[in-house]
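To start, the structure itself, in structure tokens.
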Amino acid sequence: MQNQIIVRFGDGKILKGTTADLFPNKAVFHLKDKDSGVIQEINISSLKAIYFVKSFTGNPDYQERDDIERVGLGKKIMVQFTDGETLVGYTQGYSPNRDIFIVFPSDPDSNNEKVFVVTKATAKVSFI
């Protein structure tokens, strides 16, 4: 299955495309660029986060809500990235010793289906 993803690197670079071989326990995966079709190998350690998205464009005017309770997705968490972005959602597997953890957005109408967060790109992670 091809997942639509937006890849954000630690240096701010952004790539959009699809992947079929991204797994939280692997150090690399392949991204097929949405426009050029070029496939490149991505090293997860160089990333900030990987956003699994419903669409590449999303709705820039949509204001995500973080006050919606979503049952069955784990504990509510707030992630503050080193670049200032804040992500609120739910996780079942956060541990500061893991390289990656998965966050499901609080808002079911978010363009993000889930986010693979690279732990070293976070400034603060707290359960709320």
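Among the residues making up segment 1-30, a single one is touching a helix residue (DSSP H, G or I) at 6+ places or on another chain (Cβ under 7 Å) and not hydrophobic (A, V, I, L, M, F, W, C): 10. Please work out if residue 76 is modelled with pLDDT of 95 or more, in contact with a helix residue (DSSP H, G or I) (Cβ under 7 Å, 6 or more places away or on another chain) and either buried (at least 16 other Cβ atoms within 10 Å of the Cβ) or outside any strand (DSSP E or B) (or both). It is false that residue 76 is modelled with pLDDT of 95 or more, in contact with a helix residue (DSSP H, G or I) (Cβ under 7 Å, 6 or more places away or on another chain) and either buried (at least 16 other Cβ atoms within 10 Å of the Cβ) or outside any strand (DSSP E or B) (or both). Mind listing just one residue for me: the one in segment 4-54 that is assigned to a loop (DSSP other than H, G, I, E, B) and aliphatic (A, V, I, L, M) and, of those, modelled with the lowest pLDDT? The residue in question is 22.
Table: residues versus (1) closer than 22 Å to residue 108 by Cβ; (2) among the small types (Gly, Ala, Ser); (3) without any contact (Cβ under 8 Å) to a residue 40 or more places away in the chain.
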{"position": "3", "(1), (2), (3)": "yes, no, no"}
{"position": "19", "(1), (2), (3)": "no, no, yes"}
{"position": "26", "(1), (2), (3)": "no, no, yes"}
{"position": "31", "(1), (2), (3)": "no, no, yes"}
{"position": "59", "(1), (2), (3)": "yes, no, no"}
{"position": "65", "(1), (2), (3)": "yes, no, no"}
{"position": "68", "(1), (2), (3)": "yes, no, no"}
{"position": "75", "(1), (2), (3)": "yes, no, no"}
{"position": "80", "(1), (2), (3)": "no, no, no"}
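To keep it simple, each residue is scored yes or no on (1) in contact with a Pro (Cβ under 8 Å, 6 or more places away or on another chain); (2) of a type in the set (Phe, Trp, Tyr); (3) under 23 Å from residue 22 (Cβ atoms); (4) free of Cβ contacts under 8 Å to residues at least 60 places away in the same chain.
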position: 46; (1), (2), (3), (4): no, no, yes, yes
position: 83; (1), (2), (3), (4): no, no, yes, no
position: 97; (1), (2), (3), (4): no, no, yes, yes
position: 100; (1), (2), (3), (4): yes, no, yes, no
position: 109; (1), (2), (3), (4): no, no, no, yes
position: 121; (1), (2), (3), (4): no, no, yes, no
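Taken over segment 79-124, the criterion of being surrounded by 18 or more Cβ atoms within 10 Å (Cβ to Cβ), touching a Phe, Trp or Tyr at 6+ places or on another chain (Cβ under 6 Å) and assigned to a loop (DSSP other than H, G, I, E, B) is satisfied by 94 alone.
The values are calculated or read from the model by the stated rules, or taken from the named source; none is laboratory data. No experiment lies behind these values; they were computed from the predicted model shown. Here Cβ is always computed from backbone atoms with ideal geometry, including for glycine, and neighbour counts include all displayed protein chains.
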